[in-house]
Amino acid sequence: MLAAIDLGSNSFHMVIALQDDDGRLQIIDRVKEMVRLNAGLDASGNLDSDSQQRALECLQRFSQRLRDLPSSQVRAVGTNTFRAAHNAAPFLERAEETLGHRISIIAGQEEARLVYLGAAFSLESSGRQRLVVDIGGGSTELIVGKGYRSIAMNSLYMGCVSFSRRFFKDGRITAKRLQSARAATQVELEPIVQLYRGIGWEEVVGTSGTIRAVDHVSRALGLDQDWLSAESFGFIDDWLLSCGHHDQLTHVTERRRPVFAGGYAIISAIFSTLDIQRLDCASGALREGVLYDLNGRLKNQDSRDLGVDALVSRFGLDRKQGHRIKQTALSLLGQVRDEWKLDQIIHEKLLSWSCDLHEIGTAIAFNQHHKHGSYIVENSDIDGFSRQQQRLLGILIRCHRQKVAVELFEMLPVKTRQRIFRLMVILRISVAMNRGRSDITQPTITTKTRKKTLVLHFDQQWLDTHPLTLMDLQAEQAFLRDAGFLLELNCQESRN
C-alpha cells in the first residue's frame, strides 16, 4: 500500500493505492479537504494562526489513515505556500509531527514535473505531444511533454487563491477586475509564450480543481461538449458579470466560490495568450504524480538518480573519480551504519549523490569549488528532489573539504544534524583516500565508532608506501578536531 499527500495552497489531497503483483497501482481511496492555506498569508508573508490550525486539523485526520504505513510507503509534498511563507519552518515541524511523516517542500519545477507525470499516467498513451495546465492555489504549472517525459516545464507565481485575494478580495466581480486579472496573467506568461509556441503541442490537458470547476460551469450553461473550448469563455464571462459576486455563483460549489473568479481569469487568459482552442480534463494531477514517483523509487527507478546523472553530464564531471570515492564511502558506511543510526536508503543515497557531485563547483573555479558546488546544487532544478534534500546535499558538498562550516549543521533540525555530520565525515575521508585519482587497490580499512569519534585501522605497510594519503588524512584530523570530532588513525603491522 502506498500513500501520496499533496499539501497544496488551496486544497490538501491524499491518495491511497495498492500495488498488484505486476507492479501496477490501483487507487483505493481519495481524501480532499479545501484548507485554503494561501488565504492565510498576511501582509508580512507569514501564515496566520487560523490557516495553520485548519491545516493541522486536516493533517490530524489524514494521519489516522496513515498510522500503520511505514515511512518508505508514504510521501507528502508541500507546494507554493510552503515555499513562500516566511514562518514555514516552525509550521513544518508541527505539521510533520501531526501527520506522523516527513513533508518535502518541492520547488516549482519539481511540482511541474510531478503534475505532468500524474496527468500522463491518467491518460491514454496516444503518442501525441501535449500541453498540461495545472492551476493551484498559489502557482500555475505549464508543461509540454510526450509520453511520460516532460520537455518544457514552468511554474508561474499565480493561482486561484492568490489572484482571488488580489483582484476579487471583497467578492465583487466586474469587467474591469476580470480584465486586470487577465492582464496580470499575460505578464506572467510573457517570458515563456514564444518558447512554448515554438515547441508546440497536439493536445491540451487540464488537471486542477479550478479547471474542472470551469468545465462544470460551461456544461451547466448549456454548452453541450465534453471539453473546454475558446467559445466557452464568452458565455462564462456574461454569467459571471450577471452574478456580480462570488456568493451568487450557483453553478460552483460553496467552498470553491471565493477562489473561482481568480482561477477563471487565469485559465481564460492562458487560452487567449497561447491560442488554445480545446482543453480536455484529466483525472491525474500532482498527488498521482507523487504516487507514481514513489512507486518508481520503491522499484529502484528513482527520478533523483536520473536528476543527479543529468547534472554530472551537464557539468562534465569525472564519473570515474566519483565512482572511486563512492566505493570507499559506501564501504565505510556499511561498517558504521548501525552504530551511527544511518538509514539504508536515504542516507546511502545522499552519500552517493554527494560523491557524484562533489566537484561540480569546479565548473566555476577550482578555488573554493566546495562553496561554488554547494550553491549550484542548492539552487538547481534537480528532478525528484525536495528543497530540504537539496539543502542537505549542498551542505555535504560545501563541507567535503577545507574548514568544516559548523554553523550550517546548527541550522538543521536536531534529528537530522548529527546524521548529516557523520555522512560528511565519511565523505571527507573518502575524498582524501582517492585524491590521487588512481585505480590502485585501496587498503582494507576497519572502523570503530564512538559518539564523536571514528577510529580507522590501516595496514602500516600501505600507509608507508602512500605518504601523501597519510598527510591528507592527518590534515582531515585537524579540520574535524576543530569541528568537535575526533578522527583516529590506528596503524597495524601487516600479517603477511
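The values are calculated or read from the model by the stated rules, or taken from the named source; none is laboratory data. Here the structure is a predicted model, which is why all the values come from computation and not from measurement. Neighbour counts run over all protein chains shown; Cβ positions are idealised from the backbone, glycine included.
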### Query
Does the stretch 244-267 hold any residues that are farther than 14 Å from residue 170 by Cα and either surrounded by fewer than 23 Cβ atoms within 10 Å (Cβ to Cβ) or among the basic types (Lys, Arg) (or both), and which are they?
250, 251, 252, 253, 254, 255, 256
## Note on the structure
For the stretch 375-408 the number of residues that are touching a helix residue (DSSP H, G or I) at 6+ places or on another chain (Cβ under 7 Å), closer than 24 Å to residue 337 by Cα, modelled with pLDDT of 95 or more and of a type in the set (A, V, I, L, M, F, W, C) is 9
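Taking the stated definitions as given, is residue 143 over 19 Å from residue 11 (Cα atoms), within 19 Å of the chain's Cα centre (by Cα) and crowded, with 21+ Cβ neighbours inside 10 Å? First the steps, then the outcome.
Values: over 19 Å from residue 11 (Cα atoms): yes; within 19 Å of the chain's Cα centre (by Cα): yes; crowded, with 21+ Cβ neighbours inside 10 Å: yes.
So residue 143 fits the description; yes.
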### Query
Which is touching a Lys or Arg at 6+ places or on another chain (Cβ under 8 Å), touching a residue at least 24 places away in the same chain (Cβ under 8 Å), at negative phi and crowded, with 22+ Cβ neighbours inside 10 Å, of 302, 293?
293
### Task
Scan the stretch 82-117 residue by residue and report those that are among the charged types (D, E, K, R), assigned to a helix (DSSP H, G or I) and surrounded by fewer than 21 Cβ atoms within 10 Å (Cβ to Cβ).
83, 93, 94, 96, 97
### Task
Would you point out which residue out of 254, 288 is assigned to a helix (DSSP H, G or I) and at pLDDT below 95?
288
### Query
Restricting attention to the stretch 345-388, and to residues there that are of a type in the set (Ser, Thr, Tyr) and touching a residue at least 24 places away in the same chain (Cβ under 8 Å), which single residue is surrounded by the most Cβ atoms within 10 Å (Cβ to Cβ)?
354
### Task
Go through (1) touching a Cys at 6+ places or on another chain (Cβ under 9 Å); (2) surrounded by 24 or more Cβ atoms within 10 Å (Cβ to Cβ) and name the single condition residue 330 misses.
(2)
#### Entry: Residues that are among the small types (Gly, Ala, Ser) and touching a Lys or Arg at 6+ places or on another chain (Cβ under 9 Å), drawn from the stretch 316-352
352
### Summary
Note on residue 62: of the conditions (1) in contact with a Lys or Arg (Cβ under 7 Å, 6 or more places away or on another chain); (2) in contact (Cβ under 8 Å) with a residue 40 or more places away in the chain; (3) buried (at least 21 other Cβ atoms within 10 Å of the Cβ), unmet is (1)
### Query
Is one or more of the residues making up the stretch 172-183 within 16 Å of residue 139 (Cβ to Cβ), at pLDDT 95 or above and surrounded by 13 or more Cβ atoms within 10 Å (Cβ to Cβ)?
yes
### Task
Can you run down the residue pairs with Cβ atoms below 6 Å, 6 or more apart or on separate chains, where the first is in the stretch 93-105 and outside the structural domain of residue 382 (by TED's automatic domain parsing) and among the hydroxyl-bearing types (Ser, Thr, Tyr) and the partner is crowded, with 21+ Cβ neighbours inside 10 Å and assigned to a helix (DSSP H, G or I)?
98/59
